[in-house]
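The values are calculated or read from the model by the stated rules, or taken from the named source; none is laboratory data. All values derive from a computational prediction rather than experimental measurement. All Cβ positions, glycine included, derive from the backbone under ideal geometry; neighbour counts span all protein chains shown. Remember, those area values only see protein heavy atoms, side chains included, never the ligands or the DNA or RNA. Shrake-Rupley method; radii C 1.70, N 1.55, O 1.52, S 1.80 Å.
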Amino acid sequence: MVEMAQGLSLSTLTTSCSNGIYGSIPSWRKHFKLMKRGQITSATDRHYIWHQCMQRLFLTSNPNILRQRNFRVEAGWLFKGGGQGLEASCERSESANEDILIFFFQLDLATRVQYALNLEQYEIAQQLRNKMTEVEAEVMRQQEAKRGSSSKSEAQDKAISIIRLRADLQSAIESEDYALAANLRDEISKLEAESLAASAKALAYENAQYSFRLGQKVRHKIFGYCAVICGMDPVCCESSSWREIAQVEKLSQGSSQPFYQVLVDVHADPNLLVAYVPEENLLALEQADTGRFDHPYISFLFYGMDSAGDFIPIKQLREKYNRPRYEVPIDPEDEEPHGDA
């Protein structure tokens, strides 16, 4: 899916880098055809160009980031892991970053469809719609697999298989074919374990309870940096290699706790960008912080900052994670008296 989205979005983002978000639609088609001809065949090349385009796009739309890239981190000692042998980079997540960029790509495609319609370029609009449908279908499939919907179906399928195997086991015992019966028992045990794991994963997503919300500013308990929540999973969904680097098994709650995609303030660490952090390593801010927070993705994922200093997620981001709209509580001291004038 990532390769497909990178191949598709490269054309979009190349146009965006050259001409702004609302670039030339014919140029978009030209770049897409170039990708289809296979002139960039390596997955590594696609990955590199994908990130280069995104970097150019965000640096163009956020000129201050150019200066921030050369920003010297004065509080670098905060990122040494407090004697645990870890650095903040251990939680850097390329998959979380790609997830955000694919989400932006979907938003960009929708914008381009509307742009083409405004220009009465209906054929191009239909082509873009078709691409958008392909991407959305694949994203939905991956989200279902990640979030337990397919796990629920998988558990149901395995349960049916177990019933059939038990019937075969009974027949094998009755015919005194004990070798076959032993093999069937082993297969049933294996399926039962897999079914239990799939059911547990589906249940975890259905009953997920999060301590933090989209757009909330948080501070890392170990590394000290300030970040903003932009995504969440009820359990760790990263690869085994990432878990090993991040030493997830050493966490008090392990991988069976919510993990959050967070945007890291570039003033704290200009290279970290997106981290995937376990809930036990995050702290809510003790008081409202309406100070400056810089990150190239902020303007695409959030409407702006609320009165408490947190960020307001766009509607599409809330829908992606099925999260309700959050209203800042009203401080009674801020309410005007309703007495007689």
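In the stretch 177-208, which residue that is free of Cβ contacts under 8 Å to residues at least 40 places away in the same chain and outside any helix (DSSP H, G or I) is farthest from residue 269 (Cα to Cα)?
Looking at residues that are free of Cβ contacts under 8 Å to residues at least 40 places away in the same chain and outside any helix (DSSP H, G or I), I get 177.
Which numbered condition in (1) closer than 13 Å to residue 216 by Cα; (2) without any contact (Cβ under 8 Å) to a residue 24 or more places away in the chain; (3) of a type in the set (S, T, N, Q) is the only one that residue 257 fails?
If we test residue 257 against (1) closer than 13 Å to residue 216 by Cα; (2) without any contact (Cβ under 8 Å) to a residue 24 or more places away in the chain; (3) of a type in the set (S, T, N, Q), just (1) comes out false.
Being crowded, with 16+ Cβ neighbours inside 10 Å and assigned to a helix (DSSP H, G or I), is that true of even one residue in the stretch 219-231?
The answer is no; no qualifying residue exists.
If you scan the stretch 178-194, which residues turn out to be aliphatic (A, V, I, L, M) and over 11 Å from residue 161 (Cα atoms)?
Those that are aliphatic (A, V, I, L, M) and over 11 Å from residue 161 (Cα atoms): 179, 180, 181, 182, 184, 193.
Could you pull out the residue among 163, 173, 229 that is without any contact (Cβ under 8 Å) to a residue 60 or more places away in the chain, on the phi < 0 side of the Ramachandran plot and touching a strand residue (DSSP E or B) at 6+ places or on another chain (Cβ under 7 Å)?
Answer to the check: 229.
What are the residues in the stretch 198-211 that are touching a helix residue (DSSP H, G or I) at 6+ places or on another chain (Cβ under 8 Å), at pLDDT below 80 and open to solvent by less than 70 Å² (accessible area, probe 1.4 Å), if any?
198, 199, 202, 205
Going through 214, 180 one at a time, which residue ends up being under 30 Å from residue 100 (Cβ atoms), modelled with pLDDT of 90 or more and surrounded by 14 or more Cβ atoms within 10 Å (Cβ to Cβ)?
Going through 214, 180 in turn, the sole match is 214.
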